[in-house]
Amino acid sequence: MPARLPSWAWVTGLTVGAIAAVTVLGVQAADRGSHPTAASAKPSSTASAQPTPTASAPARVPDGSGTGRRVVYSLGEKRVWLVDASEATRRTFTVWPGSVSPDPGTYTVSSRNAGTTGSDGVQIEHILYFAAKDGVSVAFSNAVDGASPPPAASGTKTGGVRMRKADGTALWAFGTVGTTVTVVK
């Protein structure tokens, strides 16, 4: 006849098993990330030269975008580069521009806001203000839920340059007040 385990051993074994199962499920969920439904296709975070991910060389920072540590925003490519002081691209990703875009030129991050409600009613975070045009503030941000912004209503002026949540977090860490932002065509 097998030896009988004390009741505390059963409880301990069940607890350890439950913790292990929850840990495995948590790691699997974190690896998958959140994939909220969006009104438009999500931009991709990539190190490729194309708007879609490829295995080729990293996207090249546009000519005429300055030198030194800076954020580069290409209006035509709808892409941002985070460039360090050694001219290395730390990250590049596509964005969703608002209906009001800044003119090409050099700006600085003038202020930051951890979170608020965007002009489209969406909860946003990691807001970096760097320009103004036609009375509209232009800023980088991401939706708290990670979703892409809906198309702007006709005639609505929005200056938010939205990005995926992970890209917003990276830009927030990189773009302190005074950081140069170069906008190119």
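The numbers here are math on the coordinates, done by the rules we state, and not lab data. Small disclaimer: the values here were computed from a predicted structure and weren't measured. Here Cβ is always computed from backbone atoms with ideal geometry, including for glycine, and neighbour counts include all displayed protein chains.
In this simple spin-label model, placing a label point 7 Å from the Cα along the Cα-to-Cβ direction at both THR89 and VAL177 gives a separation of 3.1 nm. Taking Lys and Arg as +1 and Asp and Glu as -1, the other residues whose beta-carbon sits under 13 Å from that of ARG60 total -2.
For ASN113 and LYS157 in one chain, what is 0.36 nm times their gap in residues minus the Cα-Cα distance, to one decimal in nm?
Numbers: separation 44, 0.36 × 44 = 15.84 nm, distance 2.00 nm.
Separation in residues times 0.36 nm, less the Cα-Cα distance, equals 13.8 nm.
The tail of the calculated P(r) for the range 75-120, taken as Cα-Cα distances beyond 16 Å, holds 62 percent of the pairs.
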